[in-house]
Amino acid sequence: MSKDISLVDLLIVEDNQYDLEIILRSLEKSNINKKIHVVKDGEEAIDFLFAKGVYSDRIESNIPKVIFLDLNLPKISGIEVLTEIRATPIRRNPQN
């Protein structure tokens with residue numbers, strides 16, 4: 001998983017450790033070892049995507065290229081995360 005959260009290619013939003021391990025193993029077997037960041041709930045996903053809370057130092061325009069999003073999440077559901085993403089334009093860094 002990526003230590004530099006400002007340059008994440010793949011965001012995984014998954015609260016189930018078993019499912020997360022399957023995803024990570026599948027990515028590894030497919031030689032997709034890009035910069036990966038994992039969050040455990042919908043609230044943390046929104047904070048990450050919009051550079052809020054503990055992720056306020058992250059550059060908001062450096063958004064992940066791919067998001068694996070569990071729909072059944074604690075705190076804020078995956079559907080609510082999708083709704084927030086659609087409602088709030090994210091400005092992409094032109095260098096990405």
What is the set of long-range amide H partners of residue 62 at a cut-off below 5 Å, with H atoms built 1.01 Å from backbone N?
93
³J(HN,Hα) computed for each position of the range 36-53 - Karplus, 6.51 cos²θ - 1.76 cosθ + 1.60, integer Hz, glycine/proline x:
10, 10, 10, 10, 9, 8, x, 4, 5, 4, 5, 4, 5, 4, 9, 6, 10, x
Under the 7 Å Cα-to-Cβ spin-label approximation, residue 15 and residue 65 lie apart by a distance in nanometres of 3.0
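Since every read-out is calculated from the coordinates, none of them should be taken as a lab result. Note that the structure is a prediction, hence the values are computed from the model and not measured. Cβ atoms come from the backbone with ideal geometry, glycine included; neighbour counts cover every protein chain shown.
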